[in-house]
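So the structure is just underneath, and the comments pick up after that.
The values are calculated or read from the model by the stated rules, or taken from the named source; none is laboratory data. Being a predicted model, the structure only gives us computed values, none of them experimental. Cβ: placed from backbone, ideal geometry, glycine included. Neighbour counts: every protein chain shown. Just the protein is used for accessible areas: all its heavy atoms, side chains included, with ligands, DNA and RNA removed. Shrake-Rupley method; radii C 1.70, N 1.55, O 1.52, S 1.80 Å.
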Amino acid sequence: MTNHSRQNKMLIAVDCIIFGFDGQELKLLLIKRGFDPEKGRWSLMGGFVQPKESLEDAATRVLKQLTGLENVYMEQLHAFGSPDRDPTERIASVAYFSLIDINKYQQQISDEYQAEWFSLKRMPSLIFDHRDMIDMAKEKLQYKAAIHPILFELLPEKFTLPQLQSLYEGIYDAILDKRNFSRKVLSTGLLVKQKEKEKESSKKGAFYFKLDKKKYQKKFNAFLNFIPNPHNLK
């Protein structure tokens, strides 16, 4: 029988990478770290896994503490366990990423952690290996968005095709052809055109669309190759 008491101990943490879309840009939610080391620097929201928690339960708790949100899209990304990733002691972190609509949940963001939304194109310097976590999460999101309609989790109930295109362009750091994009997204049958228009962006205005949620659930795993060869877009 193995004597576990002789083994080295390691702390397990979770870090939440929270992506949001404000209708124009893809953004990331960061907090000001409130303790040393690296006090006052920007960081992902994280916390230690408690003795009676699963990894997913811990990530759900951390997400709710910061955003007040429950039942949002969340997916485990990767375990980061470099021996020197934290200067204080040996800590392994399991990263999760979440997708939320910024405008819907803005008022629920806790003031306690001095949280702010940052454009992915203008992120500040981050502590430890948090930038590596974000880069990996973005790559995973690019892959998922090419084969599943996952990005609709970031959109409000009503949205325009230009807003949807801006979201995809933000994910892939690329300019997409307007006609080709519209043709492809409408051919999925997932969108229901509305009568009203969004007129703040232009005089002509753009029609609103809603997601057909029944078809969304049914077609989630049948959205293959919506963005063919996504890594060749850059």
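Pairs spanning more than 32 Å between alpha-carbon atoms, out of K64/K218; K52/K213; K104/K219; K32/K197: K52/K213; K32/K197. A Förster radius of 41 Å combined with the Cβ-Cβ distance from E70 to E169 puts the calculated FRET efficiency at roughly 0.85. What nm distance separates the two modelled labels at L120 and K104, each placed 7 Å from Cα along Cα→Cβ? Modelled inter-label distance: 1.9 nm.
Here the chain is treated with +1 on each Lys and Arg Cβ and -1 on each Asp and Glu Cβ, and its dipole about the Cα centre works out to around 1160 debye.
Here the range 76-234 has 47 percent of its accessible surface on carbon and sulfur atoms, given a 1.4 Å probe and all protein chains in place.
Axis of helix 161-172 versus longest Cα principal axis of the chain: the two differ by about 40°, to the nearest ten degrees.
Restricting attention to the chain, close to 70% of DSSP beta bridges with both partner residues there are antiparallel. Compared with the dominant Cα axis of the chain, that is its longest principal axis, helix 55-67 is turned about 70°.
Rolling a 1.4 Å probe across the protein heavy atoms gives the chain an accessible surface of 58 Å² per residue. Taking trypsin sites (Lys or Arg not before Pro) across the range 143-211, the ones in a DSSP loop with at most 10 further Cβ atoms lying within 10 angstrom of their Cβ are K199, K203, K204. Within the shell defined by Cβ-Cβ distances under 15 Å, the residues around M74 carry a net charge of -4, with Lys and Arg each +1 and Asp and Glu each -1. Against the chain, whose longest principal axis comes from its Cα atoms, helix 130-147 is set at around 40 degrees. Between F159, F35, F80, the residue with the greatest mean-square fluctuation in the GNM of the chain (Cα pairs under 10 Å linked by springs) is F35.
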